[in-house]
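What follows is a single structure, written as structure tokens, with notes after it.
The values are calculated or read from the model by the stated rules, or taken from the named source; none is laboratory data. Note that the coordinates shown come from a computational prediction; the quantities given were computed from them, not determined experimentally. Heads up, the Cβs are rebuilt from the backbone with ideal geometry, glycines too, and the neighbour counts pull from every protein chain shown. Surface accessibility is based on the protein's heavy atoms, side chains included, excluding ligands, DNA and RNA. Shrake-Rupley method; radii C 1.70, N 1.55, O 1.52, S 1.80 Å.
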Amino acid sequence: MEDELQIAMANLDEEKTLRLVNERIQAGCSAVDIIESCRQGVEIVGEKYSDSDYFLSDLIMSEEILKEVMRILEPHIPAKGSNKGLQPIVMGTIEGDIHDLGKNIIIYLLRSSGYEVTDLGVDVTPERFVQAVSETKAAILGISVLLSFCVGSIKKVVDLLIDAGLRDQVKVVVGGYPVNQQVKEYTGADFYANDVTEALKIYRNVLGVEKGSASQS
Ligand code: B12
């Protein structure tokens, strides 16, 4: 089905994208569905960049529009309940990679559901991930990756977790555009997700999210 919002985002039409986002909120659409339409739109931006129809400046433009979209959406993602008492979550973008929009969206939605998330930021070394898991006793380690050539460093994180004797106490979730079953198997991760719905489902299943979680916003 043709999605007007996805197309406006893919065309980097900021005015139309933001108008459609506002209209969908007023019409009662969920924040998660709106984010997903926008994500699919920027995926097309990426394809156009690969085909040399778009340039780096266009990737930057898509970042700016997506940030505006999130500014509009955030007040409409209510903080629901508290899941305090559950083990914390650690998240970050793998070494060499500075993409963080998707990671930040997942973190925002998890925090809205009451979870305690330690955000390590971007370009995080495997050693730093392992140190954070050890310090926080995290139940889930979420690693974001958008650049294919950075996938190898995720395998290193898992190997270091094994060496440190921490692998059995933490579930490793990988997420981002290039991630699939093959990446999950290669890296030794437990789960993978490349859209927001699947990501939240994994966190909910591993940690247990109370009724009325962000995924239903
Ligand atoms: C915006 C963008 C940028 C922005 C990033 C801004 C930022 N602050 O993040 C800027 C302009 C800085 C940028 C730079 C570059 N980029 Co760029 N970028 C993109 C673009 C268009 C969109 C990414 C995005 O934000 N998507 C929207 C979010 C919401 O989606 P998402 O990240 O996939 O996240 C969702 C899910 O994947 C999942 N998720 C994400 N992380 C996690 C983590 C966990 C644990 C879980 C469970 C789920 C999860 O949930 C999110 C919510 O739905 C992509 C195209 C694409 N197809 O992804 C290219 C893309 C990723 N970039 C690419 C490239 C090549 C680059 C550059 C190397 C370009 C250059 N010549 O400099 C640099 C790299 C810089 C670096 N060292 O990292 C390539 C990568 C190709 C490859 N296969 O490796 C892509 C795929 C474009 C393309 N088709 O060529 N980029």
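For the reader, a short list of remarks on this structure follows.
- For segment 69-148: rounded, prolate or oblate by the Cα gyration tensor [a/c cutoff 1.5]: oblate
- Cβ-Cβ FRET estimate between Gln87 and Ala164, R0 fixed at 22 Å, reported to 0.05: 0.80
- Dimensionless Rg over Rh [segment 89-216; C-alpha; Kirkwood]: 0.93
- Glu23 - accessible surface, heavy atoms, 1.4 Å probe, Å² rounded to 10: 90
- Once C-alpha pairs closer than 8 Å and six or more residues apart are averaged by separation and normalised to the residue number of segment 34-111, the relative contact order reads 21 percent.
- Based on the convex hull around the alpha carbon atoms, the chain presents an average projected area of 11.8 nm².
- Taking a Cβ cut-off of under 11 Å around Ile65, the surrounding Lys, Arg, Asp and Glu residues balance to a net charge of -4, with basic ones at +1 and acidic ones at -1.
- FRET efficiency, Asp3 to Phe149 (Cβ-Cβ, R0 41 Å, nearest 0.05): 0.85
- Close amide-amide hydrogen proximity is noted between Gly142 and Val90, Met91, Gly92, Val173, each under 5 Å apart and 5 or more residues distant or on a separate chain (H modeled in the peptide plane; Pro and chain starts excluded).
- Here the calculated FRET efficiency for Glu198 and Phe55, from their Cβ-Cβ distance with R0 = 35 Å, stands at 0.70, rounded to the nearest 0.05.
- Using a probe of 1.4 angstrom and keeping all protein chains present, the accessible surface of the chain works out to 50 square angstrom per residue.
- Counted by Cβ distance under 11 Å from Val124, the other residues give a net charge of -4, where Lys and Arg count +1 and Asp and Glu count -1.
- Mean residue ellipticity (222 nm) of the chain, computed from DSSP H runs ≥ 4 via -39,500 (n - 2.57), nearest 500: -16500 deg cm²/dmol
- The label point for Glu43 and the one for Lys16, both projected 7 Å from the Cα toward the Cβ, are 2.0 nm apart.
- For segment 4-76, relative contact order (Cα pairs under 8 Å, six or more residues apart, normalised by length) works out to 40 percent.
- The ratio of the alpha-carbon radius of gyration of segment 4-76 to the globular-protein estimate 2.2 N^0.38 Å is 1.05.
- With a simple spin-label model that places each label point 7 Å from the Cα along the Cα-to-Cβ direction, the separation between Lys67 and Asn205 comes to 3.5 nm.
- Computed in the context of the full set of protein chains, the accessible area of the chain at 1.4 Å probe radius has 50% of its extent on carbon or sulfur.
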